[in-house]
Amino acid sequence: MLEIWGRNPLQGKVEISGAKNSALVLMAGSLLCPEDCRLSNVPDLVDIRRMIQILTALGAKISKTGNTLDINVREINPTQAPYDLVSQLRASFFAIGALLARFGVVRIPLPGGCAIGARPVELHVKGLQAMGAKVFIDSGIVHAHVQGNKSRLQGAKIYLDYPSVGATETLIMAATLAEGETIIENAAQEPEIVDLANFCCAMGAKIRGAGTNQVIISGVESLHSVDYPVISDRIEAGTFLVAGAITHSEISVCSVVPEHLVPVIAKLEAIGCQVVAESNNCLKLIPGELKATDIETLPYPGFPTDMQAQFMALLSVSEGHSLITETVFENRLRHVAELQRMGANIRVKGNHAMIQGVPALSGAPVMATDLRASAALVLAGLAAQGKTIVRGLHHLDRGYENLEAKLRGLGAKIQRINQKI
Ligand code: UD1
């Protein structure tokens with residue numbers, strides 16, 4: 001558990017790690033190519049270690065040196081992804097596209113991940129079917145193979161009913177080695193999609209339009225080795241900017257891509273803070289009087305659902321009445337009860353949270369319910385009077401590299417009482 005003594009001002013500079021969601025998908029993407037692949041700026045997280053285990057179970061040989069992974073996927077069995085690991089990590093399911101494209105066959109358990117909603121995979125499956133795959137689900141396992149006498153997936157025109165991040169990634173990976181051209185309409189536009197496309201292009205894939213709602217992939221026969229750095233984590237960066245805001249502290253958040261943070265910065269400014277560029281990859285948070293604002297989560301470039309919980313902590317101590325509407329996941333307000341325990345005044349109706357700002361939160365024992373909720377409770381603890389104890393750290397360790405050490409570096413009084421997983 002984490003013990004946090006609140007109301008300590010922060011100061012100084014923090015370096016943001018590589019993006020978890022990007023690194024996980026690039027690791028899946030490495031399966032596309034039999035040649036060696038080196039990924040740098042990979043954060044050291046429980047989710048990354050799980051993905052290493054999953055790729056290893058498929059036959060990959062991976063060596064990790066600091067934040068660099070050397071991945072050799074020459075000998076792979078695409079049908080032996082282990083249920084107990086895949087069920088804990090939704091992103092590992094996204095390997096279905098790469099495995100099917102390279103081997104023409106795949107067997108992979110249905111995914112798991114944070115308990116923030118049903119999170120089905122029908123958009124992934126429909127897209128693969130449009131590319132000529134035969135897919136059936138039996139006893140929780142998805143079986144897919146390329147149909148008929150074709151040896152490769154076939155390029156297709158695919159319209160996604162919803163701009164799903166994972167489905168867009170699965171289909172981009174599948175299409176890189178397909179025969180002919182694939183057009184994904186209503187594609188997700190998140191920076192992690194662009195990172196995946198850049199990574200695949202660096203291996204020789206032909207992809208246009210990543211970062212817009214139409215991605216066009218011209219299939220190639222094979223890909224080659226690559227040495228590629230993962231982009232920085234916009235959600236970790238956003239979390240630290242909120243840490244500055246909620247503690248009324250001027251801090252610098254570095255190794256970031258400011259364009260990826262536009263919706264987060266806009267809301268911090270609406271709340272009364274300023275965010276200024278110190279250099280092309282450093283942002284300074286200048287605190288201000290916190291006031292209420294409304295937030296609706298949306299696919300990128302809308303406000304990220306992965307920052308919703310952290311902003312709820314901030315709005316809990318912002319003067320006035322705020323409304324948060326969660327539109328991406330149906331069950332992502334479970335942190336409300338824990339924030340209420342700390343004195344927040346929040347009412348929930350459906351996917352709306354109505355927040356009446358209070359002058360101060362009070363420290364309390366709280367339980368993390370999912371990854372981003374755990375970050376929200378840490379932020380609330382930094383702002384609260386007295387001591388907060390956050391339990392359920394297995395969630396936090398899935399997605400934040402050295403959060404407490406980085407916060408301590410900024411002057412926070414925070415310590416972990418038990419051992420990391
Ligand atoms: C990714 C991120 C996650 C982030 C989310 C939204 C990774 C590893 N995770 O998750 O941190 O919160 O994007 O930005 O990158 N859906 C369907 N059918 C499908 C696929 C998705 O109904 O086949 C629904 C989901 O249930 C959810 C919504 O679409 O309600 C968004 O999901 P999606 O964009 O796919 O998120 P993930 O890729 O799972």
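Below, the figures for the structure above:
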read-out: Accessible surface of the range 20-229, 1.4 Å probe, proportion on carbon and sulfur as whole %; value: 48 percent
read-out: Stokes-Einstein translational diffusion, the range 44-83 - Kirkwood Rh over all Cα pairs, 1.306 mPa s, 10 °C, in µm²/s; value: 151 µm²/s
read-out: 5 angstrom amide H check on LEU177, placed H, neighbours 5+ away; value: VAL220
read-out: Rg followed by Dmax, in Å, when the range 206-315 is reduced to its Cα trace; value: 16.9, 57
read-out: The range 382-394 - phi-based ³J(HN,Hα) in whole Hz, Karplus 6.51/-1.76/1.60, Gly and Pro as x; value: 5, 8, 7, 7, x, 9, 10, 10, 9, 9, x, 6, 4
read-out: Whole-Hz couplings from phi, Karplus 6.51/-1.76/1.60, listed for the range 94-110; x for Gly and Pro; value: 5, 5, 4, x, 5, 5, 5, 5, 7, 10, x, 8, 7, 9, 8, x, 4
read-out: For the range 134-145, Karplus couplings with θ = phi - 60° (6.51, -1.76, 1.60), whole Hz, Gly/Pro x; value: 9, 10, 9, 10, 9, 6, x, 10, 8, 10, 9, 8
read-out: Contact order relative to length of the range 153-220, as percent, for alpha carbon pairs under 8 angstrom and 6 or more apart; value: 38 percent
read-out: Degrees between helix 165-176 axis and first principal axis of the chain (Cα, 0 to 90, nearest 10); value: 30 degrees
read-out: Set LYS64/LYS387; LYS61/LYS157; LYS13/LYS349; LYS13/LYS61; LYS134/LYS206 screened for pairs whose C-alpha atoms are more than 32 Å apart; value: LYS64/LYS387; LYS61/LYS157; LYS13/LYS349; LYS13/LYS61
read-out: Contact order relative to length of the range 20-229, as percent, for alpha carbon pairs under 8 angstrom and 6 or more apart; value: 21 percent
read-out: Rh (Kirkwood; distinct C-alpha pairs) - the chain, Å; value: 21.8 Å
read-out: Within the range 298-325: backbone nitrogen closer than 12 Å to the ARG347 label point (7 Å, Cα to C-beta); value: none
read-out: Projected label distance in nm at THR65 and LYS291, using a 7 Å step from Cα toward the beta-carbon; value: 5.4 nm
read-out: Modelled label reach - ASN77, point 7 Å along Cα→Cβ, the range 30-70 residues with backbone N closer than 13 Å; value: 56-60
read-out: Along each principal axis, Cα extent of the range 130-188, largest first, Å; value: 30, 28, 15
read-out: Solvent-accessible area per residue for the chain (1.4 angstrom probe, square angstrom); value: 37 Å²
read-out: All Cα pairs of the range 20-229, percent lying beyond 26 Å; value: 24 percent
read-out: Listed residues CYS201, PRO82, ILE217: farthest to the positive end of the dipole of the range 20-229 (Cβ charges); value: PRO82
read-out: Percent RCO, i.e. relative contact order, over the chain, from Cα pairs under 8 Å lying at least 6 residues apart; value: 20 percent
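The values are calculated or read from the model by the stated rules, or taken from the named source; none is laboratory data. Every value quoted in this text rests on a predicted model; they were computed, and no experiment measured them. Cβ: placed from backbone, ideal geometry, glycine included. Neighbour counts: every protein chain shown. Just so you know, the surface numbers come from the protein's heavy atoms only, side chains and all, with ligands and any DNA or RNA stripped out. Shrake-Rupley method; radii C 1.70, N 1.55, O 1.52, S 1.80 Å.
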